[in-house]
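To start, the structure itself, in structure tokens.
The values are calculated or read from the model by the stated rules, or taken from the named source; none is laboratory data. Worth saying up front: this structure is predicted, and the values here are computed from it rather than measured. Counting neighbours? That spans all protein chains shown, and the Cβs are built from the backbone with ideal geometry, glycine included. We work out accessible area using only protein heavy atoms, side chains counted, and drop any ligands, DNA or RNA first. Shrake-Rupley method; radii C 1.70, N 1.55, O 1.52, S 1.80 Å.
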Amino acid sequence: MPRIELAPEVLDDFDRFFEHQARHGIEDTPQRIAEIIEAIQVLAHSPLIGGKAKVGKRELVVGQTSRGHVVLYRYVPDIDTAFVLAIRSQREDGYKRSR
């Protein structure tokens, strides 16, 4: 079963979600982040489920509309690990860091 590793920068993405939702009076941010983490667990069973993105990377779409996010990851079959590199809202233009 593939392992899932979160890059340290993913915590910055979650901080950005908290800040954005606090500015807009959204109070269920911890629940939304828990939903994202839960959805990422699919990579432990199906690491190639996400659509192809940049060279060697994939994107997993989680949720929809205002609750939708895109998870950028890279699966390395040699070590059977999916590395989550970044998470963004579906409404954002791109990832905040160059990957």
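When PHE18 is tested against the conditions (1) farther than 21 Å from PHE83 by Cβ; (2) exposed (fewer than 13 other Cβ atoms within 10 Å of the Cβ); (3) not polar (S, T, N, Q), the lone failure is (2).
Loosely packed, with under 10 Cβ neighbours inside 10 Å and under 12 Å from the mean Cα position of the chain (by Cα), is that true of GLN41? Show your work before the answer.
Working: loosely packed, with under 10 Cβ neighbours inside 10 Å: yes; under 12 Å from the mean Cα position of the chain (by Cα): yes.
Criteria met by GLN41.
Selection of region 71-85 for residues being among the aliphatic types (A, V, I, L, M) and either open to solvent by less than 10 Å² (accessible area, probe 1.4 Å) or in a helix (DSSP H, G or I) (or both) yields VAL71, LEU72, ILE79, ALA82, VAL84. Against the conditions (1) surrounded by 15 or more Cβ atoms within 10 Å (Cβ to Cβ); (2) free of Cβ contacts under 8 Å to residues at least 12 places away in the same chain; (3) in a loop (DSSP other than H, G, I, E, B), TYR95 satisfies every one except (2). For ASP15, the criteria (1) in a loop (DSSP other than H, G, I, E, B); (2) within 15 Å of the chain's Cα centre (by Cα); (3) charged (D, E, K, R) hold in every case but one, which is (1).
Identify all residues within region 21-38 that are in a helix (DSSP H, G or I) and either open to solvent by less than 90 Å² (accessible area, probe 1.4 Å) or modelled with pLDDT of 90 or more (or both); write none if there are none.
Just the residues of region 21-38 that are in a helix (DSSP H, G or I), to begin with: 21-23, 29-38.
Once the filter is applied, which keeps residues that are in a helix (DSSP H, G or I) and either open to solvent by less than 90 Å² (accessible area, probe 1.4 Å) or modelled with pLDDT of 90 or more (or both), region 21-38 yields GLN21, ALA22, THR29, PRO30, ARG32, ILE33, ALA34, GLU35, ILE36, ILE37, GLU38.
Out of all the residues in region 44-54, which are loosely packed, with under 15 Cβ neighbours inside 10 Å and at pLDDT 90 or above? Across region 44-54, the qualifying residues are ALA44, HIS45, SER46, LEU48, ILE49, GLY51, LYS52.
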